[in-house]
């Protein structure tokens, strides 16, 4: 643009001339890049947390069966994307250790407070007490889970020699399988108080098993 025309040019004409020059194109690119950087900075301030940020939660360290009383080898802490953390997820191992799973949990599955039996089930229903029963056949315990109904009977050492100690008892807890199998698995059943003493004594002095309902 001639010097005389520059003096008489409007701001719009000057901008058009600048854009037609190489220097103008370079300046425009830099301005756009700076604007994008400023926009990214503003968005980062407004949204500091990324959806992929991990939240430490408690998960099953291995496949766990129902009725498992959890120990420190059964749980682990793992970071899970915040948007995938289920409601009621546990974050501290102390919230799960010693509690009984109400259903099976797969390895890596987040543990929630709903996966455990509450105090009412763990202590038996109203008017009942939890009685330990050591099973003659430890493999029977693999088919049991808290809430299952069973009949407690003495194992027959001869045909027709068994006796029913309690009917329709609710399983409260199942002991994890021990490394040694020289003794039967221990389970707890909820029984009326008038039967509890007799069943507990029989479990100590006789061979006892259960029949599943």
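A few points about this structure:
- Condition broken by residue 52, with the remaining ones in (1) at pLDDT below 80; (2) closer than 24 Å to residue 171 by Cα; (3) over 11 Å from the mean Cα position of the chain (by Cα) satisfied: (2)
- Selection within segment 53-94 - farther than 13 Å from residue 109 by Cβ, assigned to a loop (DSSP other than H, G, I, E, B) and free of Cβ contacts under 8 Å to residues at least 24 places away in the same chain: 73
- Pairing each residue of segment 164-176 that is over 16 Å from residue 130 (Cβ atoms) with any residue that is part of a strand (DSSP E or B), provided the two are 6+ apart or on different chains, yields C-beta distances under 7 Å for 164/151; 164/153; 167/151; 176/69.
- Failed item in (1) within 28 Å of residue 64 (Cα to Cα); (2) modelled with pLDDT under 85, with residue 189 passing the rest: (2)
The values are calculated or read from the model by the stated rules, or taken from the named source; none is laboratory data. Here the structure is a predicted model, which means the values were calculated and not measured. Cβ sites come from the backbone with ideal geometry, for glycine too, and all protein chains shown count toward neighbours.
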